[in-house]
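The values are calculated or read from the model by the stated rules, or taken from the named source; none is laboratory data. A quick note: this is a predicted structure, and the numbers were derived from the prediction, not measured. Quick reminder, even Gly has a Cβ in these numbers, built from the backbone with ideal geometry, and neighbours come from all protein chains shown. Remember, those area values only see protein heavy atoms, side chains included, never the ligands or the DNA or RNA. Shrake-Rupley method; radii C 1.70, N 1.55, O 1.52, S 1.80 Å.
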Amino acid sequence: MATLLDGEPKSKTSSLKTNPVLCNGTTGPDDTEFYHFVLEGLSKKQKALHPKYLYDDEGSLLFEDICALDEYYVTRTELAIMEQNIHQMAAAIGPNAIVLEPGSGAGVKIKLLLKNLQSAAAYVPIEISSDALKRSTDILQKDFPSLDIHPVCGDFTSRISLPSDLPPGRRIVYFPGSTIGNLGVSEYVRLLATFAHLAGDDGGLLVGVDLDKDPDILFKAYNDSKGVTAAFILNLLTRINRELGGTFDLSKFDYSKGLACLPCHALTLFPVHLSDFISSVCTVWAHVSLCLVFLLTVCCRHDVFAC
């Protein structure tokens with residue numbers, strides 16, 4: 001069930017455009033789903049925990065630090081691709097669009113898109129961490145004081161309830177970060193179906209997809225020299241200790257050693273086969289008139305497709 005939460009008192013300027021946070025479910029210590037996912041994941045022979053639970057307040061801050069690391073190529077490569085193609089993207093999206101961003105995080109990349117869109121009707125950041133959502137919304141409101149922002153707190157991998165007072169306009173789902181590459185085919189097809197539901201008829205999708213990489217590049221990207229990624233991953237165990245009464249001793253976990261033991265193919269996660277992905281997008285999104293896909297390579301070679 002979705003509920004509205006009022007934040008701290010807003011200034012006269014921001015109260016005109018920043019709407020109450022729409023909360024989909026719970027994401028705090030009372031989240032029974034978290035308990036059941038952890039219990040199920042740690043009961044398996046091959047232990048596994050869903051990555052969405054990495055993003056509590058501390059985890060979200062650590063991921064922002066990861067995005068600024070030299071070894072982590074994804075953020076700067078996507079920004080470079082967008083800068084080179086932003087006018088084409090904005091023209092394809094058109095005027096008076098409502099931009100929905102699942103996993104909005106710190107809101108770094110969306111600024112470039114919003115600056116170049118023609119009279120965006122509204123922006124809907126969707127973020128599982130309520131603290132990260134508030135931080136990014138406050139910053140965006142200062143940068144775009146006339147933009148109608150409707151923050152939604154929830155898990156974008158599930159069906160999300162959108163605010164009922166969104167203005168009319170074409171809905172564009174903006175999904176950078178190559179999260180698609182973390183999913184198997186059946187998983188990203190389900191996610192695309194969820195996004196299609198959010199966009200509705202005549203909606204659109206702008207998605208970033210990372211291509212296969214040299215395992216050495218991936219290893220450095222996810223095992224940075226400063227240990228930020230290790231802290232980010234191990235913070236999930238800290239969260240389990242804090243919220244679920246876990247007893248993990250973090251000193252007994254060596255993230256770098258564990259990552260080094262993985263076979264090369266494991267570092268590629270689920271390689272995105274472009275033809276299969278494009279086929280899935282065009283099948284699931286058959287009712288929409290726009291799909292832009294930007295592809296990531298380390299040296300920023302790219303293509304932009306329109307379905």
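Only residues that are out of contact with any Phe, Trp or Tyr (no Cβ under 8 Å at 6 or more places or on another chain) and either free of Cβ contacts under 8 Å to residues at least 24 places away in the same chain or over 14 Å from Ala230 (Cβ atoms) (or both) were counted in segment 59-87, giving 17. Within segment 196-203, can one find any residue that is in contact with a Ser or Thr (Cβ under 8 Å, 6 or more places away or on another chain), at pLDDT 90 or above and assigned to a helix (DSSP H, G or I)? Within segment 196-203 (the criterion being in contact with a Ser or Thr (Cβ under 8 Å, 6 or more places away or on another chain), at pLDDT 90 or above and assigned to a helix (DSSP H, G or I)), the answer is no, since none of the residues qualifies.
Only one entry in Asp165, Asp148 is in contact (Cβ under 8 Å) with a residue 40 or more places away in the chain and touching a strand residue (DSSP E or B) at 6+ places or on another chain (Cβ under 8 Å), namely Asp148. Checked against the criterion of being in contact with a Phe, Trp or Tyr (Cβ under 7 Å, 6 or more places away or on another chain) and under 21 Å from Leu54 (Cβ atoms), the candidates Leu206, Leu191, Leu183, Leu218 yield just one match: Leu183. Across segment 168-186, the qualifying residues are those that are touching a strand residue (DSSP E or B) at 6+ places or on another chain (Cβ under 9 Å) and among the hydroxyl-bearing types (Ser, Thr, Tyr), and the one among them that is nearest to Glu101 (Cα to Cα) is Tyr174. Listed by first and then second residue, the pairs linking a residue in segment 240-253 that is touching a residue at least 40 places away in the same chain (Cβ under 8 Å) and closer than 13 Å to Tyr53 by Cα to a residue that is open to solvent by 60 Å² or more (accessible area, probe 1.4 Å) and in a loop (DSSP other than H, G, I, E, B), with Cβ atoms under 6 Å apart and 6 or more places separating them unless they lie on different chains, are Glu243/Pro29. For Leu166, the test of being of a type in the set (A, V, I, L, M, F, W, C), farther than 19 Å from Asp65 by Cβ, in contact with a Phe, Trp or Tyr (Cβ under 8 Å, 6 or more places away or on another chain) and part of a loop (DSSP other than H, G, I, E, B) is failed. Taking segment 80-96 as the range and being surrounded by fewer than 17 Cβ atoms within 10 Å (Cβ to Cβ) and closer than 28 Å to Ser130 by Cα as the test, only Asn96 passes. Within segment 147-163, restricting attention to residues that are in contact with a helix residue (DSSP H, G or I) (Cβ under 9 Å, 6 or more places away or on another chain) and open to solvent by 30 Å² or more (accessible area, probe 1.4 Å), the residue that is farthest from Ile180 (Cα to Cα) is Leu162.
Return yes when Val99 is open to solvent by less than 70 Å² (accessible area, probe 1.4 Å), part of a helix (DSSP H, G or I) and either among the hydrophobic types (A, V, I, L, M, F, W, C) or farther than 25 Å from Phe219 by Cβ (or both) and no when it is not. It is false that Val99 is open to solvent by less than 70 Å² (accessible area, probe 1.4 Å), part of a helix (DSSP H, G or I) and either among the hydrophobic types (A, V, I, L, M, F, W, C) or farther than 25 Å from Phe219 by Cβ (or both).
Condition check ((1) in contact with a Leu (Cβ under 8 Å, 6 or more places away or on another chain); (2) of a type outside the set (Val, Ile, Thr)) across all residues:
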{"residue": "Ser60", "(1), (2)": "no, yes"}
{"residue": "Ile81", "(1), (2)": "yes, no"}
{"residue": "Ala90", "(1), (2)": "yes, yes"}
{"residue": "Gly94", "(1), (2)": "no, yes"}
{"residue": "Ile98", "(1), (2)": "yes, no"}
{"residue": "Ile110", "(1), (2)": "yes, no"}
{"residue": "Glu127", "(1), (2)": "yes, yes"}
{"residue": "Phe144", "(1), (2)": "yes, yes"}
{"residue": "Asp155", "(1), (2)": "no, yes"}
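Checked against the criterion of being aliphatic (A, V, I, L, M) and either open to solvent by 40 Å² or more (accessible area, probe 1.4 Å) or out of contact with any Pro (no Cβ under 8 Å at 6 or more places or on another chain) (or both), the candidates Leu133, Leu114, Leu140 yield just one match: Leu114.
Residues of segment 198-246 that are among the β-branched types (Val, Ile, Thr) and surrounded by 14 or more Cβ atoms within 10 Å (Cβ to Cβ): Val207, Val209, Val228, Thr229, Ile233, Thr238, Ile240. Being over 15 Å from the mean Cα position of the chain (by Cα) and of a type in the set (D, E, K, R), is that true of even one residue in segment 78-95? Yes: segment 78-95 contains one or more residues that are over 15 Å from the mean Cα position of the chain (by Cα) and of a type in the set (D, E, K, R).
The lone criterion from (1) farther than 15 Å from Thr229 by Cβ; (2) touching a Pro at 6+ places or on another chain (Cβ under 9 Å) left unmet by Leu42 is number (2).
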